[in-house]
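Please treat every number below as a calculation from the coordinates, not as lab data. The structure presented is a predicted model; accordingly, all values stated were derived computationally and were not measured. Heads up, the Cβs are rebuilt from the backbone with ideal geometry, glycines too, and the neighbour counts pull from every protein chain shown.
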Amino acid sequence: MATEIKAPTFPESVAEGSVAAWHKKPGDSVERDELIVEIETDKVVLEVVAPEAGTLSEVLVEEGDTVQSEQVLGKIGEGAAKGSDKGGEQKREKAEDKAESNSAATAAPAGGGKSHEVKAPTFPESIQEGTVATWHKKVGEAVKRDDVLADIETDKVVLEVVAPADGAIAEIKAEEGSQVESEAVLAIFTEGAGGAGSPAESSGDRDEAGAAVGADEKIGDKILAPAARKLVAEHDLDVGKIEGTGKGGRILKEDVQRAVQAGTAKKSAAPAAAPKPSGAAAPAFEGERPEKRVPMSRLRQTIAKRLVQAQQTAAMLTTYNEVDMGAVMELRAQYKDTFLKAHDVKLGFMGFFVKAASEALKRFPDVNASIDGSDIVYHGYQDIGVAVSTDRGLVVPVLRDTDSMKIADVEKGIVDFGKRARDGKLGIDEMQGGTFTITNGGIFGSLMSTPILNPPQTAILGMHKIQERPMAVNGKVEIRPMMYLALSYDHRMIDGKDAVQFLVTIKELLEDPARLLLDI
């Protein structure tokens, strides 16, 4: 007697689900409690196991079908050995035929197994969409479980998409540069695939047979990967002049990049047009005048929008001062080796500035406040953002409760932020909620600048290059290591007197670091 395989009882908040994947085919032997099929709802993926041992004799719903709570999904026959049931064999053949005909969505390369949809991560509420920045793996390329397949760039962070299992990408559905929403399907992934017999080697033939495999394109006798095709179009290159290093001579993104750098794949110049009989001649230029147009990254778009917003909405002014860094530099030189041994991190200048700013913020609460509509929000804590420059743009991770942090904790936090920012590993929560910001243009050689506010904060401190200058000290001229400081502030919230005194307080604390220890 056949045993029915039923969908689980869905929670009250879940109306229906869809069949995500069958792990067994008709005719396969199954053991009691062995996973047979997965049901995907809008909240969770539910596993359906075999109610008893036997043979999967019938599949009543296919992958992708919508099912209700406790709906019958298939049947298990008792005691039949795998392959001994002719009916099961026929059903298995039909299932295989159907899987082959629908390979555009779920087919696996030769030797492949279960197929998965590779989806974009679940974006936080503050992020609406992202951009596919980079595909690290190609169609058909063998990958290991948890290898990074692609990077999704949002306006705040770069999110990694990893492989769900060992296998290969069967099809890429979202090309580099395309916009994707939260949990959008990026690719079809097949377990156990990769290597010989992968779609990358037979994309042309299978396209003619009507099964869409990936997004490769055949131009003449050349097969182009999706990213390569995009670069060829951007640079208007002659595909015939590009040598492919991929399987079967497939042209990869790297091949196109090398051709662009070498300048060997440019299209032949069109025949010169006959000179015009009259009119002013166009200006002639010798040599190449290349131009390159690339879309602005989402992070750069967000930075631009926020900077313009800050200037348009805040009554921003900047006050300047200078600080003698001699005392801090002497203290640093005296203890840097001991500090490194004790805390396993170098003693820098930023730790002193963060601690000085924390003390000054306690004395001037208006500088530590923010404006929310027509309200002023006073913060009873000091969360200081530290601007970090990356190849993708400027990010501002936040050190929390800096008043209670030691200088060693500050230095460790900054080193960690810098490394993870350059790798795109910072979390969104680490870049939100700061009450004050410090930016150091001095590391790039800036002598003086006007920093722009980081809304909704009302002030930002700019550090600059330390430069020796002649200074009058006790009636004598001495050469001292000086740094210009700039404090930009929102005049709607902070009066000029408070801004100047806040900056002077930081100057005094840095010129006499003992004040930081004595709280004076």
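With a threshold of 32 Å on the Cα-Cα distance, the over-threshold entries among Lys137/Lys267; Lys119/Lys266; Lys305/Lys346; Lys6/Lys114; Lys24/Lys253 are Lys119/Lys266; Lys305/Lys346; Lys24/Lys253. Take every DSSP beta bridge with both residues inside segment 366-484 and express the antiparallel ones as a percent of the total, to the nearest 5. Within segment 366-484, antiparallel bridges account for around 70 percent of the total.
Order 67-75, 168-176, 304-312 from most to least packed using the mean count of other Cβ atoms within 10 Å.
Put in order of decreasing packing, that is 168-176, 67-75, 304-312.
Taking a point 7 Å out from the Cα of Thr302 in the direction of its Cβ, the residues of segment 129-151 whose backbone N falls within less than 15 Å of it are 129-133. Could you list, in their original order, any pairs among Lys355/Lys497; Lys362/Lys507; Lys341/Lys419; Lys336/Lys465 whose Cα atoms are separated by more than 18 Å? The answer is Lys355/Lys497; Lys341/Lys419; Lys336/Lys465. The peptide list 434-440, 495-501, put in order of mean Cβ contacts within 10 Å with the highest first, becomes 434-440, 495-501. Taking amide hydrogens as placed 1.01 Å from N in the peptide plane, the amide H of Arg480 sits under 5 Å from those of Arg469, Met471, each at least 5 positions away in sequence or on another chain.
Just check segment 313-518 against the gyration tensor rule for me: Cα atoms, a ≥ b ≥ c as the square roots of the eigenvalues, rounded for a/c under 1.5, and otherwise prolate or oblate depending on whether a/b exceeds b/c. Oblate. Once you sort the root eigenvalues of the Cα gyration tensor of segment 218-265 as a ≥ b ≥ c, which label holds: rounded (a/c under 1.5), prolate (a/b larger than b/c) or oblate (the other case)? Because its axes are fairly even, with a/c under 1.5, segment 218-265 counts as rounded. Backbone geometry of segment 323-328 corresponds, through the Karplus equation with coefficients 6.51, -1.76 and 1.60 at θ = phi - 60°, to 3J(HN,Hα) couplings of 10, 7, 8, x, 5, 5 Hz, x marking Gly and Pro.
Scanning residues 5 or more positions from Leu399 or on other chains, those with amide H under 5 Å from its amide H are Ile384, Gly385, Val386, with H placed 1.01 Å from N in the peptide plane. Determine which residues of segment 470-502 fall in the zone a paramagnetic label at Glu511 would reach in this model, i.e. backbone nitrogen under 17 Å from the point 7 Å along Cα→Cβ. Residues passing the 17 Å test: 470-487, 500-502. Near Thr439: Cβ cut-off under 15 Å, other residues only, Lys/Arg at +1 and Asp/Glu at -1. The net charge is +2.
Averaging Cα coordinates gives a centre for segment 132-150 and one for segment 221-265; these two points are 20 Å apart. The amide H of Glu171, built 1.01 Å from its N in the peptide plane, has Ile188 as neighbours under 5 Å, considering only residues 5 or more places off or on other chains.
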